[in-house]
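Enquirer: Dropping the structure in here first, questions after.
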Amino acid sequence: MPKYATEAIRTVALVGHGATGKTTLAEALLAHAGAIKTPGSVERGNTVCDFDPLEKSYGHSLNAALVNFSWRDTHIHLIDTPGYPDFSGQAMGALAAVETAIIVINAQTGIELATRRMMKWAQARKLCCMIVVNKIDAENVNLPVLLDDIQRTFGKECLPINLPAHAGKDIVDCFFNPDGESDFSSVKSAHAALVDQVVEVDEALMSLYLEQGEISAEQLHAPFEKALRERHLIPVCFASARNGTGVAELLDVFARLAPNPTEGNAPPFLKGEGADAVEFHAEPDPGKHVLAHVFKVIIDPYVGKLGVFRVHQGTVKRDAQLFIGSGTRPFRVGHLYLLQGKEYVETDALVPGDIGAVAKVEEIEFDAVLHDSHDEDHIHLRPLEFPVPMHGLAVETKKKGDEQRLFEVLHKLELEDPCFRMERHPSTNETVIRALGELHLRTKMEKLTQQYKLELETRPPRIPYRETISRKAEGHCRHKKQTGGAGQFGEVYLRIEPLPRGAGYEFVDQVKGGVIPTVFIPAVEKGVRMALDAGVIAGYPVEDLRVTVYDGKSHAVDSKEIAFVSAGRKAIIDAFSKATPIMLEPIVNIDIEAPENYVGDMTAEIASKRGQITGTQQRSADVVSTTGQVPLAELADFQNRLRSITGGQGSYSVEFDHYAQVPAQTQQHLMSQHKAAHEED
Ligand SMILES: Nc1nc2c(ncn2[C@@H]2O[C@H](COP(=O)(O)OP(=O)(O)OP(=O)(O)O)[C@@H](O)[C@H]2O)c(=O)[nH]1
Ligand SMILES: [Mg+2]
């Protein structure tokens, strides 16, 4: 059994923009707590958390990494996450496993894009949040201005819980200490501000405070946790991961003030499916049924598939039998691990609050719930809203015969990363991989070629255009074949009409009097679907229309499935050509962040790409974000374009929004391309 109880556990995830020093901070915390002898550095490539060879070569994190260590009488599970927006899926998964999100801010560069996004996500998941201002040792930092900026961006409830002292060489606590020396602000006023804020969540305590003028730290503990839970307080700490300032103090903040699993907000479990799902409260009680959530899957070349999970209820023991989701067949927990960077450390049991892993269970998938009683069937965590991967690359194996292996490896990569997707486009015979950005794609390509030794050709994928219609039309086909013996006969009349954007496809059977026998209706629909999936005018799938079959004819002997499939297919092609077909293209929301003096260039850039500006917003002292909507087809080379305009100081993100009609000449071009390809065939 673990040597500590649930109440002694703290779970934290380090999140925030790239290069704010999260991995270095994890290293400093591990070293100070005595879990490693000396801290490594990302420059030397010897940190516990950036252990992947690709992380070492890039010099930043690509995956969420887990460590755990003891400090005073607590046991801390810490997840170091990548800050680069391309890998935000990893950071998001980690949020499902912890009570507290530690938002790390670089004192030198201030609040950045990913930091704001992580704060938003952490708050949407109702996590307790703390801010660590790191790199206070660096040159040109102005901490009072940064603190103002933090309060302006994230709210007045962001209050310093400690402050730098002795020109940034020390850190002085302001929560337990009512008075002392600091470099800016004053410990006394910071302490008073904290107590004022905390007592606001407890009326009785507030009256006592007004009466006595001071409250003991013990009395403040419960309301402090409540203030964290209700986001009435976001403590701000200061540190330098590089020279160790503030690291011991941060460990103390974790141990003394961060919520234990019984003090955080309850994890958002749901029982049941869809609209019938109701909230379900897991109880962090080691004696109850087991409930654990898989927030990360690792495919390790040596150990195989690992499901990394957080225990929310009950005790997971080695050799126990666990169910996965609503599955009926349990698996045996053969090996139970605690993760320490790349090391897997065997353990016998994990209690609520613990984060561990099981190996070699094929059925485990990302987001699965593990449990040990059918009472907990149909329980799942409120889904994490991952960003949709938009950056695509078409890949093809150089060697004939490698296709199946490519497919299997891509499937593995999909399992590991919820923001990575593979798509097969039968109409174009393209395999397209999609990720959150260029760098995300590049790391996957390196994995495919280096780790899995696949030789690949790549090219830009086709834009996922769609076809649709703009008015009603009727279609007809009489399919008749007489080839020697038994013939084929089927006749279909149908009608098509446009549906609103995003409505998809509807099939309606209005055939009366059995003129097309009921058994053949699915065949008609099959033919219709074949034509719609393959595209009619330019080879892209058809959407947003209703197909109504209303008449036809059959023959007692010659009518068979194949005849109605063929008649359905040709009837819809007939109708389509009369319904003024149009083509649609994906429109994405774009958010470009760049220094203020580039705002003009950014708006011009969006406008020149058939885009529309939706707004500009000051994000921090110098950074302005420009948002707009642009057709995806216009963004093929945007990364390079942005780099050359801003000298590498800009970043952007895109997410799918809707489909809209393409300009007439694009449609002409796509149709003639399709025609030419067919003539070649
Ligand atoms: N001056 C100074 N530099 C630091 C400090 N902490 C980290 N660094 C440096 O900042 C750079 C980025 O550090 P990382 O620890 O990789 O940052 P990260 O937040 O993990 O970055 P991602 O993994 O990309 O999200 C490295 O060069 C570190 O040496 C600090 O406290 N002071
Ligand atoms: Mg890192």
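Enquirer: Taking the condition under 30 Å from HIS391 (Cβ atoms), buried (at least 17 other Cβ atoms within 10 Å of the Cβ) and touching a Gly at 6+ places or on another chain (Cβ under 8 Å), does ALA523 pass? Lay out the reasoning, then the answer.
Expert: On the way: under 30 Å from HIS391 (Cβ atoms): no; buried (at least 17 other Cβ atoms within 10 Å of the Cβ): yes; touching a Gly at 6+ places or on another chain (Cβ under 8 Å): yes.
No; evaluated as a whole, the condition is false for this residue.
Enquirer: Against the condition within 13 Å of ligand 2 (Cβ to nearest atom), closer than 22 Å to GLY89 by Cα, of a type in the set (A, V, I, L, M) and surrounded by fewer than 24 Cβ atoms within 10 Å (Cβ to Cβ), how does ALA64 come out, does it pass? Break it down into steps so the answer makes sense when it comes.
Expert: Details: within 13 Å of ligand 2 (Cβ to nearest atom): yes; closer than 22 Å to GLY89 by Cα: yes; of a type in the set (A, V, I, L, M): yes; surrounded by fewer than 24 Cβ atoms within 10 Å (Cβ to Cβ): no.
In short, no.
Enquirer: Which condition number in (1) surrounded by fewer than 21 Cβ atoms within 10 Å (Cβ to Cβ); (2) closer than 21 Å to LEU670 by Cβ is the one that VAL542 fails?
Expert: Result: VAL542 passes all but (1).
Enquirer: So for the range 49-58 (the condition being more than 25 Å from PRO85 (Cβ to Cβ) and either more than 15 Å from ligand 1 (Cβ to nearest atom) or surrounded by 19 or more Cβ atoms within 10 Å (Cβ to Cβ) (or both)), does at least one residue qualify? Spell out the reasoning first.
Expert: Looking only at the range 49-58, we keep the residues that are more than 25 Å from PRO85 (Cβ to Cβ), and these are none.
No, the range 49-58 has no match at all.
Enquirer: For VAL557, are the conditions met, namely being in contact (Cβ under 8 Å) with a residue 12 or more places away in the chain and crowded, with 17+ Cβ neighbours inside 10 Å?
Expert: Numbers: in contact (Cβ under 8 Å) with a residue 12 or more places away in the chain: yes; crowded, with 17+ Cβ neighbours inside 10 Å: no.
Considered against the rule, which asks whether it is in contact (Cβ under 8 Å) with a residue 12 or more places away in the chain and crowded, with 17+ Cβ neighbours inside 10 Å, VAL557 comes out as no.
Enquirer: Here's a follow-up. In this structure, does ILE79 turn out to be at pLDDT 95 or above and either farther than 17 Å from GLY246 by Cβ or not aliphatic (A, V, I, L, M) (or both)? Can you show your working first?
Expert: On the way: at pLDDT 95 or above: yes; either farther than 17 Å from GLY246 by Cβ or not aliphatic (A, V, I, L, M) (or both): yes.
When the stated conditions are applied, ILE79 passes them.
A quick yes/no check of all residues on (1) within 22 Å of the chain's Cα centre (by Cα); (2) closer than 27 Å to PRO541 by Cα:
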position	(1), (2)
GLU605	no, no
GLY611	no, yes
THR616	no, no
ILE645	no, no
SER653	yes, yes
ASP657	yes, yes
PRO663	no, yes
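Enquirer: Name, by its number, the condition in (1) within 30 Å of GLY485 (Cα to Cα); (2) open to solvent by 20 Å² or more (accessible area, probe 1.4 Å); (3) of a type outside the set (Lys, Arg) that does not hold for VAL599.
Expert: For VAL599, the failing item is (1).
Enquirer: Considering only the range 403-413, state which residues are within 16 Å of VAL297 (Cα to Cα) and surrounded by 17 or more Cβ atoms within 10 Å (Cβ to Cβ).
Expert: Result: VAL409, LEU410, LEU413.
Enquirer: Which residues, counting only those in the range 426-446, are part of a helix (DSSP H, G or I) and at pLDDT below 90? Outline the logic, then answer.
Expert: To start, the set of residues in the range 426-446 that are part of a helix (DSSP H, G or I) comprises 438-446.
Hits for the range 426-446 are GLU438, LEU439.
Enquirer: Does any residue in the range 10-26 that is within 10 Å of VAL104 (Cα to Cα) come within less than 8 Å, Cβ to Cβ, of a residue that is within 8 Å of ligand 2 (Cβ to nearest atom) and basic (Lys, Arg) six or more places away or on a different chain, and which pairs are these?
Expert: Close Cβ pairs satisfying both conditions: LEU14/LYS22; VAL15/LYS22; GLY16/LYS22.
Enquirer: Across the range 492-503, which residue is least open to solvent (accessible area, probe 1.4 Å) among those that are modelled with pLDDT under 95 and touching a strand residue (DSSP E or B) at 6+ places or on another chain (Cβ under 8 Å)?
Expert: Checked the range 492-503; the qualifying residue least open to solvent (accessible area, probe 1.4 Å) is GLY502.
Enquirer: Kindly evaluate LEU208 against the criterion of being touching a Pro at 6+ places or on another chain (Cβ under 7 Å), open to solvent by less than 60 Å² (accessible area, probe 1.4 Å) and at pLDDT below 95.
Expert: Working: touching a Pro at 6+ places or on another chain (Cβ under 7 Å): no; open to solvent by less than 60 Å² (accessible area, probe 1.4 Å): yes; at pLDDT below 95: yes.
When the stated conditions are applied, LEU208 does not pass them.
Enquirer: How about the range 465-491: which of its residues are of a type in the set (S, T, N, Q), surrounded by fewer than 19 Cβ atoms within 10 Å (Cβ to Cβ) and within 44 Å of the chain's Cα centre (by Cα)? Walk me through how you get there before you give the answer.
Expert: The first filter runs over the range 465-491 and keeps only residues of a type in the set (S, T, N, Q), leaving 468, 470, 482-483, 488.
Checking which are surrounded by fewer than 19 Cβ atoms within 10 Å (Cβ to Cβ) leaves us with 470, 482-483.
Matches in the range 465-491: SER470 only.
Enquirer: In addition: Name the residue, out of GLU157, GLU112, that is within 15 Å of ligand 2 (Cβ to nearest atom) and in contact with a strand residue (DSSP E or B) (Cβ under 9 Å, 6 or more places away or on another chain). Step through it out loud before you land on a result.
Expert: Working: GLU157 fails: within 15 Å of ligand 2 (Cβ to nearest atom).
Going through GLU157, GLU112 in turn, just one is within 15 Å of ligand 2 (Cβ to nearest atom) and in contact with a strand residue (DSSP E or B) (Cβ under 9 Å, 6 or more places away or on another chain): GLU112.
Enquirer: Which residues, counting only those in the range 311-327, are surrounded by fewer than 19 Cβ atoms within 10 Å (Cβ to Cβ) and part of a loop (DSSP other than H, G, I, E, B)?
Expert: Matches in the range 311-327: ARG318, ASP319, ALA320, GLY325, SER326, GLY327.
Enquirer: Continuing with this model, one more query. With over 30 Å from VAL557 (Cα atoms), of a type in the set (Val, Ile, Thr) and exposed (fewer than 14 other Cβ atoms within 10 Å of the Cβ) as the only criterion, which of THR443, THR431, THR449, THR397 stands out?
Expert: Values: THR443 fails: exposed (fewer than 14 other Cβ atoms within 10 Å of the Cβ); THR431 fails: exposed (fewer than 14 other Cβ atoms within 10 Å of the Cβ); THR397 fails: exposed (fewer than 14 other Cβ atoms within 10 Å of the Cβ).
Only one candidate passes the filter, namely THR449.
To keep it simple, each residue is scored yes or no on (1) among the hydroxyl-bearing types (Ser, Thr, Tyr); (2) within 21 Å of PRO586 (Cα to Cα).
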site: ARG610; (1), (2): no, yes
site: THR614; (1), (2): yes, yes
site: GLN617; (1), (2): no, no
site: VAL624; (1), (2): no, no
site: THR627; (1), (2): yes, yes
site: ALA633; (1), (2): no, yes
site: SER644; (1), (2): yes, no
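Enquirer: Kindly provide the set of residues from the range 447-462 that are modelled with pLDDT of 90 or more and in a loop (DSSP other than H, G, I, E, B), ordered by number.
Expert: Answer for the range 447-462, where residues must be modelled with pLDDT of 90 or more and in a loop (DSSP other than H, G, I, E, B): TYR452, LYS453, LEU454, GLU455.
Enquirer: Sticking with this one: Select from the range 355-364 the residues that are crowded, with 23+ Cβ neighbours inside 10 Å, in contact with a His (Cβ under 8 Å, 6 or more places away or on another chain) and within 13 Å of ARG318 (Cβ to Cβ) and list them in ascending order.
Expert: Let us first name the residues in the range 355-364 that are crowded, with 23+ Cβ neighbours inside 10 Å, namely 355-358, 364.
From what is left, the residues that are in contact with a His (Cβ under 8 Å, 6 or more places away or on another chain) are 355, 358.
Answer for the range 355-364, where residues must be crowded, with 23+ Cβ neighbours inside 10 Å, in contact with a His (Cβ under 8 Å, 6 or more places away or on another chain) and within 13 Å of ARG318 (Cβ to Cβ): just VAL358.
Enquirer: Return the pair list, or none, for Cβ contacts closer than 9 Å from residues in the range 508-522 that are closer than 12 Å to LEU494 by Cα and assigned to a loop (DSSP other than H, G, I, E, B) to residues that are among the β-branched types (Val, Ile, Thr) and open to solvent by 50 Å² or more (accessible area, probe 1.4 Å), at least 6 apart or on different chains.
Expert: From residues that are closer than 12 Å to LEU494 by Cα and assigned to a loop (DSSP other than H, G, I, E, B), the pairs are VAL511/THR518.
Enquirer: While we're on this one: Looking at (1) more than 23 Å from the chain's Cα centre (by Cα); (2) charged (D, E, K, R); (3) open to solvent by less than 30 Å² (accessible area, probe 1.4 Å), which is the one condition that is false for ASP86?
Expert: The failed condition is (1).
Enquirer: Identify the residue in the range 31-55 that is part of a helix (DSSP H, G or I) and under 27 Å from the mean Cα position of the chain (by Cα) and, among all such residues, is nearest to ALA101 (Cα to Cα). Walk me through how you get there before you give the answer.
Expert: Restricting attention to the range 31-55, the residues satisfying the condition of being part of a helix (DSSP H, G or I) are 31-32, 53-55.
Next, from what is left, pick out any that are under 27 Å from the mean Cα position of the chain (by Cα): 53-55.
Numbers: PRO53: 27, LEU54: 26, GLU55: 23 Å.
The extreme case among them is GLU55.
Enquirer: Within the range 8-25, is even one residue under 21 Å from ILE355 (Cβ atoms), surrounded by fewer than 22 Cβ atoms within 10 Å (Cβ to Cβ) and more than 15 Å from ligand 1 (Cβ to nearest atom)? Walk me through it before giving the result.
Expert: In the first step, residues of the range 8-25 are kept if they are under 21 Å from ILE355 (Cβ atoms); the result is 8-16, 22-23, 25.
The next check asks that each one be surrounded by fewer than 22 Cβ atoms within 10 Å (Cβ to Cβ); those that pass are 8.
Of the ones still in play, those that are also more than 15 Å from ligand 1 (Cβ to nearest atom) are 8.
Yes: one or more hits.
Enquirer: Out of the residues in the range 599-619 that are touching a Leu at 6+ places or on another chain (Cβ under 9 Å) and touching a residue at least 40 places away in the same chain (Cβ under 8 Å), state the one that is nearest to GLY648 (Cα to Cα).
Expert: Restricting to residues being touching a Leu at 6+ places or on another chain (Cβ under 9 Å) and touching a residue at least 40 places away in the same chain (Cβ under 8 Å), the top hit is MET602.
Enquirer: Let me ask you something else. Which residues, taken from the range 106-131, are open to solvent by less than 20 Å² (accessible area, probe 1.4 Å) and either within 10 Å of ligand 1 (Cβ to nearest atom) or without any contact (Cβ under 8 Å) to a residue 12 or more places away in the chain (or both)?
Expert: ASN106, ALA107, ALA114
The values are calculated or read from the model by the stated rules, or taken from the named source; none is laboratory data. Only a predicted model underlies this, so the values are computations on that prediction, with no experimental measurement involved. No Cβ is skipped: glycine too gets one built from the backbone with ideal geometry, and neighbour counts run over all protein chains shown. Heavy atoms of the whole protein, side chains included, go into the accessibility calculation; ligands, DNA and RNA do not. Shrake-Rupley method; radii C 1.70, N 1.55, O 1.52, S 1.80 Å.
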